[in-house]
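The values are calculated or read from the model by the stated rules, or taken from the named source; none is laboratory data. On a predicted model such as this, the values are computed, not experimentally measured, just so you know. FYI the Cβ positions are ideal-geometry reconstructions off the backbone, even for glycines, and counts take in every protein chain you see.
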Protein chains: 2
Amino acid sequence: MKEKLSIVKIGGNIIEDETALNAFLKLFSNLEGKKILVHGGGKRATHIASKLGIESQMVNGRRITDAETLEVITMVYGGLVNKNVVAKLQALNTDAIGLTGADINAIKSVKRPVKDIDFGFVGDVKQVAHQSIDKLIQADFTPVFCAITHDGNGQLLNTNADTITSQVAVGMSALYETSIYYCFELNGVLEDINDKNSVIKHIDSNTYKDLLDRGIIADGMLPKLENCFDALRNGVKNINMGNTAMLTQENNNFTTITL
Amino acid sequence: MKEKLSIVKIGGNIIEDETALNAFLKLFSNLEGKKILVHGGGKRATHIASKLGIESQMVNGRRITDAETLEVITMVYGGLVNKNVVAKLQALNTDAIGLTGADINAIKSVKRPVKDIDFGFVGDVKQVAHQSIDKLIQADFTPVFCAITHDGNGQLLNTNADTITSQVAVGMSALYETSIYYCFELNGVLEDINDKNSVIKHIDSNTYKDLLDRGIIADGMLPKLENCFDALRNGVKNINMGNTAMLTQENNNFTTITL
């Protein structure tokens, strides 16, 4: 039987709130077994970009990563956020190592081809070096990934943190029984979007179809869940969605998704 | 006999010049054997700080690292510079991994005590985790350190890159026969500061005394050489100073320092 590996993703809302971040990192440190953290960057990059006089260009609600924006993202995600998270984890006795996809060639991606929109320096993940990442894990280090990859030719690329999470989990499934924990603002996938306590505890392929038929899965959640099932079909054992408290043993009020 | 390990340090002048940086990274990639790169940050941080409206406070010609300046340093050294260097090295088939002293708890330091001057968030190196660093080297990764350490309590600290270089080299001497390569603008230690070709090829404790007596070692070089002999006394095998061409086999026009 394969050993267990947890891949935990936190979003910008936690990163930006020092108290929430510290509380989360304590939970993450106490999480038993081998683990990987993936973090987004959030509004910090936008804030620093605007201070530097770089305007965030948005097309259809999506940020365009021009060369200047990529610099800011590299500074904020790869430097400021990542290294502070690592230092905080070290203080909690978790032997963290901060990474972009360029480090140890961990995550190679391809610059998104221009169709209708040129997203700029945005990468779509092509390859996860699961054996290299495992060398770090086997050395008892805890990888902390930020949302940056590279193309193997010297170019860093801005990459969606959820995608990094699922692709790293899929890659590591060759060696481990992997679980993803997507920490977000909600308690889980909700039966009634207006009732934060209406958490659907378990979703599998069958109940998912039913939820779709009943129109329970709303716009924002649909691509998230599609990505989840894609990861599950590619080897990930289970995916959990909820607030950070799902990392504790006591709380079971979150959504677990399996095939 | 111990295996050889080269620790190469480049300064801000190379970091800031894309052509020089690319040329150097090629030389570094071609350098045989196990190796570590240490880089400074240079004026990029000052430039970005001033764009962000943060004034660099200088006391007696030394920069004071207040909280805002430390943020910029973490962004520029730990993010922008370090991750671009890593991506460029990957393109040259060197399996680089970018690190601060917080990552894998590699370099622990102590915030410099306030005497006459409060330098702010500046760290004096206390401990190098040579065994953790060696785990990366044994896994065939090439560590790339920027000039940031941590105090073990969650605080990142700005730390002199020359000091990081010598302290890492001293630490790694427990396991390897270590050589330091300090790449700088000069061809080496010069007999005559006005003649760039008057490189002193070899300095040891005896000839060093003689050079001191004759007043050859000038102000800027004095602390550098004192640090070199300190590192040599603590286990480093030899220290080389010169321009980046000293990394090639053909060039022997640089200064080698031994005990």
| query | Which ranges mark the strands (runs of 3 or more DSSP E) fully within region A:119-209 that have 2 or more residues being more than 14 Å from the chain's Cα centre (by Cα) and surrounded by fewer than 19 Cβ atoms within 10 Å (Cβ to Cβ)? | reply | A:123-128
| task | Among the candidates A:Ala67, A:Ala49, single out the residue that is within 27 Å of B:Ser50 (Cα to Cα) and touching a helix residue (DSSP H, G or I) at 6+ places or on another chain (Cβ under 6 Å). | result | A:Ala49
| query | When B:Thr255 is evaluated against the numbered criteria (1) modelled with pLDDT under 95; (2) touching a Lys or Arg at 6+ places or on another chain (Cβ under 7 Å), which criterion, by number, is the only one it fails? | reply | (1)
| note | Residue hits (region B:96-109; outside any strand (DSSP E or B) and either in contact with a strand residue (DSSP E or B) (Cβ under 6 Å, 6 or more places away or on another chain) or more than 8 Å from chain A (Cβ to nearest Cβ) (or both)) are B:Thr100, B:Gly101, B:Ala102, B:Asp103, B:Ile104, B:Ala106
| message | Can you find, within region A:82-95, the residue that is surrounded by the fewest Cβ atoms within 10 Å (Cβ to Cβ) among those that are at the interface with another protein chain (Cβ under 9 Å from one of its Cβ atoms) and in contact (Cβ under 8 Å) with a residue 24 or more places away in the chain? | response | A:Leu92
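Residue-wise test of (1) in a helix (DSSP H, G or I); (2) in contact with a Lys or Arg (Cβ under 9 Å, 6 or more places away or on another chain); (3) crowded, with 19+ Cβ neighbours inside 10 Å; (4) in the same structural domain as A:Asp195 (by TED's automatic domain parsing).
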residue	(1), (2), (3), (4)
A:Gly215	no, no, no, yes
A:Lys224	yes, no, no, yes
A:Asp230	yes, no, no, yes
A:Val236	no, no, yes, yes
A:Met241	no, yes, yes, yes
A:Ala245	yes, no, no, yes
A:Glu250	no, no, no, yes
| Considering region A:36-81 alone, what residues qualify as being under 17 Å from the mean Cα position of the chain (by Cα) and more than 14 Å from chain B (Cβ to nearest Cβ)? | A:Ile36, A:Val38, A:Gly40, A:Gly42, A:Lys43
| said: For region B:149-170, which positions are in contact with a helix residue (DSSP H, G or I) (Cβ under 6 Å, 6 or more places away or on another chain) and either within 7 Å of another protein chain (Cβ to nearest Cβ) or among the acidic types (Asp, Glu) (or both)? | reply: B:His150, B:Asn153, B:Gly154, B:Leu156
| query | Within the bounds of region B:51-67, is there any residue that is closer than 29 Å to A:Asp95 by Cβ, in contact (Cβ under 8 Å) with a residue 12 or more places away in the chain and of a type in the set (S, T, N, Q)? | reply | yes
| Which numbered condition trips up A:Ile200, out of (1) of a type outside the set (Ser, Thr, Tyr); (2) without any contact (Cβ under 8 Å) to a residue 40 or more places away in the chain; (3) more than 20 Å from A:Val8 (Cβ to Cβ)? | (2)
| message | Looking at the structure I just gave you, is B:Lys83 basic (Lys, Arg), part of a helix (DSSP H, G or I) and modelled with pLDDT of 95 or more? | response | yes
| request: Go through region B:110-129 and count every residue that is within 26 Å of A:Cys146 (Cα to Cα) and within 14 Å of chain A (Cβ to nearest Cβ). | output: 3
| task | Select, from A:Asp116, A:Asp124, A:Asp140, the only residue that is touching a residue at least 24 places away in the same chain (Cβ under 8 Å) and out of contact with any strand residue (DSSP E or B) (no Cβ under 6 Å at 6 or more places or on another chain). | result | A:Asp140
